[in-house]
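The values are calculated or read from the model by the stated rules, or taken from the named source; none is laboratory data. Keep in mind that this is a model prediction, so the values were computed, not measured. Cβ atoms come from the backbone with ideal geometry, glycine included; neighbour counts cover every protein chain shown.
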Amino acid sequence: MSPDAAEQFLAGRINYERAASMPSSEAAYKLDRMRELLRRLGDPHQRLPIVHIAGTKGKGSTAAMIAAIGTAAGLRVGRFTSPHLNRIEERLAIDGRVCEPETLAGLLEHLRPTIEAMDQQGEQWSPTYFEILTAAALSWFAERRVDWAVLEVGLGGRLDSTNVCRPRLSIVTSISLDHTRQLGETTAAIAAEKAGIIKPGVPVLSGVQDPEPREVIRRVARQNNCWLLELGEDFGFQYRPPRHLERAPAAGFLDFWGRAFGDQTSYQDVPLTLPGRHQAANAALALAAVEMLRRQGAAISASAVHRGLAEMSWPARIEVVGRRPVVVLDAAHNVASVAALVESLDESFSVARRVLVFATTQEKDLRGMLERMVGHFDHIILTRYQENPRGVPPELLQTLVASLAARTDLPKMPTVEIAPTPNDAWSAVHRRARPDDLVCVTGSFVLAGQMRRCIAARPLS
């Protein structure tokens, strides 16, 4: 199977990421099909030491940090994350190196007879796009005999395709409102879905801060007789953010403490290349995970911790992709993540005038997201990402912005324009942005990927 044939093969599968709306019934996400697929492949997941990560936001960054530290320590670490920005192979990586197209094609060629045999059993047994990628990752990691496999949940936790594993460590990063049709209308309901990754006797790390979802995680951990360690209770951090990122790259610094790992544990002045206090919280979870993995026999030195976090890169997380004007690319796609983005822009960039390029996805809290951003930008360019039916029409976004801009308590009253496509939006940036401005592109992973290509083709400076 060639890489092109592999892409066509995947394009023919059910892909909820590209569906006009995501199904809300449990039948669409049941795990029997995934278990059967892996059984026919020899159960590769049962041969892997796994770190399993769920959460509303921060799970991908936490996975990347844990993997980077493990690689810096000389371990062979597999990482499975989603979604991707530019190409599908980004979801699978070993030792920080993304899977080659030919390698993924070979994995899919190996899986294809099993997939086609299951197709013959009826539609309910036909593996989906995400299930196939999950199986490919697990098969690759088992074949390469990784020391650790770090798996990010795709959606929710309880019914996610990755939840067939029995991990060595389970992590829940945060809980906020997102995917409410599938996961529930309250943070407590969503926490119950995320807590579905908790397995009997498996240690749990929790970064959940709000009382109601935090209590759900505690209850499920107790019911499963798990050792639970919580951010703010058993481990914590202090963060010193980078300043003036519009001028030059700079790292923030993290001090970490933990009092539940056998001995008093601390790290001082750990460099953090991903800006923002939300990323510092993710890093604290990653460091707590390192301590748990040490207890399970992993040889990870303090120098590997510093080197892993100092050298890692994780695109589209407050990523500076241009200067004069400074251009920031971020994949924030719910209320909590756009609030964290705005806080980080205020904290680490000293730029008077800001331009926002925004597009997002149906079934999100559109008003809530815009409410957190409108007053912090001078000009807003609303667009719609392409080749995916879930994009929100920019005219609808414009109506919402107009209703918010009418408020008198906003720190700024932005001007607004519509650009039909990301390429049009980037042309508008070329017309509007001044050398001393900040341009922020956010709202969706899909938008971040498409705008990245526009920016590379026509940089501002």
**Prompt:** When the stretch 329-350 is examined, which residues are found to be within 24 Å of ALA67 (Cβ to Cβ) and either among the aliphatic types (A, V, I, L, M) or in the same structural domain as ASP269 (by TED's automatic domain parsing) (or both)?
**Reply:** LEU329, ALA331, ALA332, ALA336, ALA340, LEU341
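How many residues are surrounded by fewer than 24 Cβ atoms within 10 Å (Cβ to Cβ) and either in a helix (DSSP H, G or I) or at pLDDT 90 or above (or both) when one looks only at the stretch 168-182?
Initial filter on the stretch 168-182 (surrounded by fewer than 24 Cβ atoms within 10 Å (Cβ to Cβ)): 168-169, 176-182.
Imposing the further condition that a residue be either in a helix (DSSP H, G or I) or at pLDDT 90 or above (or both) reduces the set to 168-169, 180-182.
Summing the residues that are surrounded by fewer than 24 Cβ atoms within 10 Å (Cβ to Cβ) and either in a helix (DSSP H, G or I) or at pLDDT 90 or above (or both) in the stretch 168-182 gives 5.
Within the stretch 113-135, can one find any residue that is touching a strand residue (DSSP E or B) at 6+ places or on another chain (Cβ under 8 Å), among the hydrophobic types (A, V, I, L, M, F, W, C) and in a helix (DSSP H, G or I)? Break it down into steps so the answer makes sense when it comes.
Step one: list which residues in the stretch 113-135 are touching a strand residue (DSSP E or B) at 6+ places or on another chain (Cβ under 8 Å), which gives 133-134.
Among the residues that remain, those that are also among the hydrophobic types (A, V, I, L, M, F, W, C) are: 133.
Add one more test, that the residue is in a helix (DSSP H, G or I), and what stays is 133.
Looking for residues that are touching a strand residue (DSSP E or B) at 6+ places or on another chain (Cβ under 8 Å), among the hydrophobic types (A, V, I, L, M, F, W, C) and in a helix (DSSP H, G or I), one finds at least one in the stretch 113-135, hence yes.
If I ask for residues that are touching a helix residue (DSSP H, G or I) at 6+ places or on another chain (Cβ under 9 Å), in a helix (DSSP H, G or I) and farther than 23 Å from LEU293 by Cβ, which ones from the stretch 205-222 would you list? So that I can check it myself, show each step before the final result.
Looking only at the stretch 205-222, we keep the residues that are touching a helix residue (DSSP H, G or I) at 6+ places or on another chain (Cβ under 9 Å), and these are 205-210, 212-217, 219-221.
Of the ones still in play, those that are also in a helix (DSSP H, G or I) are 212-217, 219-221.
Result: GLU212, PRO213, ARG214, GLU215, VAL216, ARG219.
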**Message:** Go through (1) surrounded by fewer than 20 Cβ atoms within 10 Å (Cβ to Cβ); (2) under 21 Å from ILE53 (Cα atoms); (3) not small (Gly, Ala, Ser) for GLU109 and report which single condition fails.
**Reply:** (2)
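Where in the stretch 359-451 are there strands (runs of 3 or more DSSP E), lying fully within it, with 2 or more residues that are surrounded by 24 or more Cβ atoms within 10 Å (Cβ to Cβ) and touching a helix residue (DSSP H, G or I) at 6+ places or on another chain (Cβ under 7 Å)?
Values: elements: 379-382, 415-418, 438-442.
Answer list for the stretch 359-451: 379-382, 438-442.
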**Message:** Can you report the number of residues in the stretch 288-308 which are touching a residue at least 60 places away in the same chain (Cβ under 8 Å), buried (at least 17 other Cβ atoms within 10 Å of the Cβ) and out of contact with any Ser or Thr (no Cβ under 7 Å at 6 or more places or on another chain)?
**Reply:** 10
**Asked** Quick one: is ALA260 assigned by TED's automatic domain parsing to the domain that holds THR173, under 22 Å from SER337 (Cβ atoms) and surrounded by 14 or more Cβ atoms within 10 Å (Cβ to Cβ)?
**Response** no
